[in-house]
């Protein structure tokens, strides 16, 4: 049943030209489970991951998770993202201006499939 819901949402976001319909569907897809009911579960998972990282000798789960990857530390990952942002910001601004020139006043999450 959930698989069908996901396909339905993706289809609407991709093929429906009416932005208000796409927005409504996108927002409805975010409300498929009550957020308040999931918060204690999410918090227990966060706490367990933090305890695991500390047992393994890392200050946080982020440090543990990234230690075997190219960036090796959260600080280096943040530095990489900042560098990428600096190098791509001007191009992104040019592309946004081009989209605005053809009628897109703003780009929203529910517009991405239609624009791309």
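Nothing in this text is a laboratory measurement; each read-out follows from the coordinates by a stated rule. In this text the structure is predicted, and so the values were computed from the model without any measurement. Reconstructed Cβ throughout: ideal geometry from the backbone, glycine too, with neighbour counts over all protein chains shown.
Using 0.36 nm per residue and subtracting the Cα-Cα separation, the extra length available between residue 82 and residue 31 on full extension is 15.2 nm.
On the basis of the beta-carbon distance and an R0 of 25 Å, residue 68 and residue 47 show a calculated FRET efficiency of 0.65.
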